[in-house]
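Here the structure is laid out as structure tokens; the discussion comes afterwards.
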Amino acid sequence: MSTGSISLDILLNQVLTDALSGKNEAIRNIQKRYPSLSEQEAGEIFSLISAANEGKNEGAELVVTAPPSFTLRTKPTKVVVNNMITGAKSSILITGYSLSEYFGDLVDCLIRKSQEGVLIKFFVNHIENQKTFDRLCSYKSRFLKIYNYPKQDDKMSALHAKVISVDQKDTLITSANLSYHGQEGNIELGACIHSKEVAKQVDDLFTKLLFSNIFEEV
């Protein structure tokens, strides 16, 4: 192996990232590390690793925002968030302490999903201070519900939870905001939990908060 060869940690992370995003660019890097492999053989190795990863339909996985130089065997926050939202079939529950223009493409995706009949429930902190919600609010419907956590007597009180729960089976709980720095620039840590029970607990919690008038429908 040459000194310039890509490390196994970085290579594995690329394979897992490609598997999540539907790409196969890591096949070329497999061949670079192992020049004796044909493209077909490298593709088979890529498929085996991807299939093994897809088989993890229960449990939890670490999800991280970190500098590109990090070689942790974890899933990137940006990729997980994108794939959860774009892959949703029936429902999305999402909370946002803050929403930046960086998230614009996925806002459009949420709108499209709602128009296709996917139920979106978006819980937001102090929406009156967030102009980035204007476009989303203009598409409110019976499939796109937006709930605001209003200002409290305690001025420091806030909806600080960052959660995405999809199709009542997969739930991401993370420290990352829906912003560039949350998805790419910071060091953020979370877990994607594959559990219908946990997803139901999250949905039940926010339903109870709604019935307790903690949130207001926009």
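The values are calculated or read from the model by the stated rules, or taken from the named source; none is laboratory data. Treat the numbers as computed from the prediction; the structure is a model and nothing was measured. Cβ: placed from backbone, ideal geometry, glycine included. Neighbour counts: every protein chain shown.
The table that follows gives values for the structure above.
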quantity: Filter result (free of Cβ contacts under 8 Å to residues at least 24 places away in the same chain and among the charged types (D, E, K, R)) within the range 193-218; calculated: Glu197, Asp204, Lys208
quantity: Every residue from the range 183-207 that is out of contact with any helix residue (DSSP H, G or I) (no Cβ under 7 Å at 6 or more places or on another chain), over 21 Å from Ser90 (Cβ atoms) and not in a strand (DSSP E or B); calculated: Gly185, Asn186, Ile187
quantity: Tally of residues being in a helix (DSSP H, G or I) and either surrounded by fewer than 16 Cβ atoms within 10 Å (Cβ to Cβ) or modelled with pLDDT of 95 or more (or both) across the range 161-182; calculated: 2
quantity: Ser157 of a type in the set (Gly, Ala, Ser), more than 19 Å from Ala176 (Cβ to Cβ) and without any contact (Cβ under 8 Å) to a residue 12 or more places away in the chain; calculated: yes
quantity: Ala158 being under 24 Å from Gly87 (Cα atoms), outside any strand (DSSP E or B) and in contact with a strand residue (DSSP E or B) (Cβ under 8 Å, 6 or more places away or on another chain); calculated: no
quantity: Every residue from the range 126-158 that is at pLDDT below 90 and either polar (S, T, N, Q) or under 20 Å from Thr207 (Cβ atoms) (or both); calculated: Ile127, Asn129, Gln130, Thr132, Pro150, Gln152, Ser157
quantity: Among the residues listed as Ala158, Ala51, Ala66, the single one being among the small types (Gly, Ala, Ser) and under 19 Å from the mean Cα position of the chain (by Cα); calculated: Ala66
quantity: Helices (runs of 4 or more DSSP H) contained entirely in the range 65-152, each with at least 3 residues that are surrounded by fewer than 16 Cβ atoms within 10 Å (Cβ to Cβ) and on the phi < 0 side of the Ramachandran plot; calculated: 104-115, 134-137
